[in-house]
Structures are given as structure tokens and as C-alpha cells.
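Quick notes on the structure that follows.
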Amino acid sequence: EEDTTVFEEMDYTITGIEPGSGITESARNTLDTYDNLDGWELQESSTGGMMVELQQAIENEEPIIITGWQPHYIFEIYDLKILEDPKEGFGAAENIHTMTRTGLAEDMPDATAILDNFAWETEDMQQIVLDAQDVPFEEAAQTWYDENQDLVSEWTDGVPESDGQEIDLISMPWDTERASAHVMSLTLENHGFDVNVTSVDPSVLFQALAIGEADATVTPWLPMTHGAFMEEYGDDLVDLGPNLPGAKSGLVVPAYMDIDSIEDIPA
Ligand code: PBE
């Protein structure tokens, strides 16, 4: 028999993040998908607010369920588990994709070639977001960039240098996306491009690409997290495919909690 008191302590509330995030959509989808979550609510807040609540819960060894994602430095500093999700409310594993506006390949073939070559791993991104807890983000990205010139040169080898062509990258306001946008920005800048980076909510990002207001992004999570935006805007932009395989979203709990699956959460 499940001890439900710890769940009463949480007020049957899942601690979420920004309403405009893809993971909030996936969490709503998950609440609809599992019968045992019928009485549960998703409390939208901000990533910063969620982090504070997680930290406080862990300090007091209290129960908490958050919407979480990987790569993220919380998996390095806390002992956490992503709950199994047999009904794939959050989808299976996600890939992070590179996309451009329609026509960029014709207008800027060299920049598009570099964007298309861009590929790295979870550990790379994780190293930057973790390092950025102690030093400014620019410095964390620069350090990774300097230490990984072999990989960076695989993206730029054989591509002619630009003489200052402008390119507008568009990103999202989370650490993971800040890391990838910084690395792509450094890569293009060092190849002679004049790079501008803007950070906006996912819905604005997809719109900007679709109408050609922005040139490229290295940030969307597919097929699930930003899948609804892809359905709406996918025909009006170019998806160059994954740049980082195996990202993950889900419900996340501290390891001291006695549940392993979303199905273990009591109704
Ligand atoms: N995230 C991080 C974002 C994308 C990357 C999973 C919080 C989201 O839109 O949900």
C-alpha cells in the first residue's frame, strides 16, 4: 500500500517552469495521458523559481516533483532521477536540431555549411552549463571552445572565411540554449562572420524563422518538446537535422523519493 502522505505534502502539485516553454506543453500532455495524475496540477513558474524550490526541498529532504530536462547541471549537483514514462507523455528521447530560414542556403552557403556541420554531445553542453555556475557564460563557452578546437575545425574545415557577412542567430532563454548559441556564435565569428544573437520564447523563435526575421537557430528540441511549433511553422523553415542527440525531458524527483515511474505517483 502506497504511503500517500508525502504526496499530500506536495499538495498534488508538480513544480513547473515558464508557461511558454515546450516542456510545459509536454507536462500538460502527460497529466492528460496518465489516469493517476487526474487530480494533479502543474504549477507554472519560472526556471529560476523551480530551481529555488528544488534546492529548498533537497535541503529539507522534502518531496518534490519538477519538470526537468537533460542536459542540465542539476544532474551534476543533485542526486536526481527522471521518472520512467511508459506512456511517453514527454516523448521518447529528443534531439536538438539546427534550423534556418528558407533561402539561407542560397544567400549564405558558407554559414549554412557550418551550421549544417555543427554536431556535439550532451557532455559538451553539460560542461558549459556546469562551468557557467562559477564563471560568466561567455567565459564558460570560450573555455569549451578553446579546449575543443579539433571538433570545431570539423565544422569549419574547407569552408571559405567570410569578410564580415552579418548573420542573425535566434535562441531561447535557457542555459542549454545559451551554451549552444554561444558556441555557434564563437565558431562563426572566428570564421569572419558578424554574428548577432537574440533570445526569445520558442513560439517567437519559430515565427521569426518562418517569416525570415532571423537566419538560423541551433536550439529546437524535437520531436516532442517543440513539436507543436514544428507542425505550425515547419513548412516555412529548413530543418538541417539534429546537432545534439539524446536530450531528455520528464518529471524529475530527488533520488530519496520512493518512486521510479510516473505510474507510481498516487492518484
Ligand atoms: N527546455 C530547455 C526548453 C527547451 C530547452 C526543455 C526547458 C523548453 O522549451 O521546454
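Just so you know, all these numbers are worked out from the coordinates, no wet-lab data involved. Everything quoted here is computed from the prediction, not taken from an experiment. In this analysis, Cβ positions are derived from the backbone assuming ideal geometry, glycine residues included, and neighbour counts consider all displayed protein chains.
See the values below:
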read-out	value
For the chain, built as a Gaussian network whose Cα springs stay under 10 Å, the top-fluctuating residue of Asn117, Asn60, Asn36	Asn60
Footprinting exposure proxy for Thr217, Thr198 (fewest neighbouring C-beta atoms within 10 Å first)	Thr198, Thr217
On Cα atoms only, tilt of 137-147 relative to the major axis of the chain in degrees	60 degrees
Against the rule of thumb 2.2 N^0.38 Å, how large the Cα Rg of segment 1-122 comes out	1.36
Computed lengthening from Gln142 to Ile77, 0.36 nm per intervening residue step minus Cα-Cα distance	21.2 nm
Three semi-axes of the equivalent ellipsoid, segment 94-246, Cα gyration tensor, whole Å, largest first	22, 19, 14
Sorted peptide list for 118-130, 62-74, criterion being average Cβ within 10 angstrom, highest first	62-74, 118-130
Rounded to 5, percent antiparallel among DSSP beta bridges of segment 94-246	60 percent
Computed FRET value (nearest 0.05) for Gln133 with Thr33, which takes r as the C-beta separation and R₀ as 22 Å	0.05
Residues Leu151 and Gln55, FRET efficiency given R0 of 30 Å [Cβ-Cβ distance, rounded to 0.05]	0.35
For Gly91, net neighbour charge (Lys/Arg +1, Asp/Glu -1) across residues whose Cβ lies under 10 Å away	-2
Globularity index of the chain, i.e. its alpha-carbon radius of gyration over 2.2 N^0.38 Å	1.07
Coil-residue trypsin sites (Lys or Arg not before Pro) of segment 62-161, DSSP, other Cβ within 10 Å capped at 14	Lys87
Dipole magnitude of the chain about its Cα centre (Cβ charges: Lys, Arg +1; Asp, Glu -1), debye to nearest 20	400 debye
Spacing of the two label points (7 Å from each Cα toward its C-beta) at Val197 and Asp163, in nm	2.8 nm
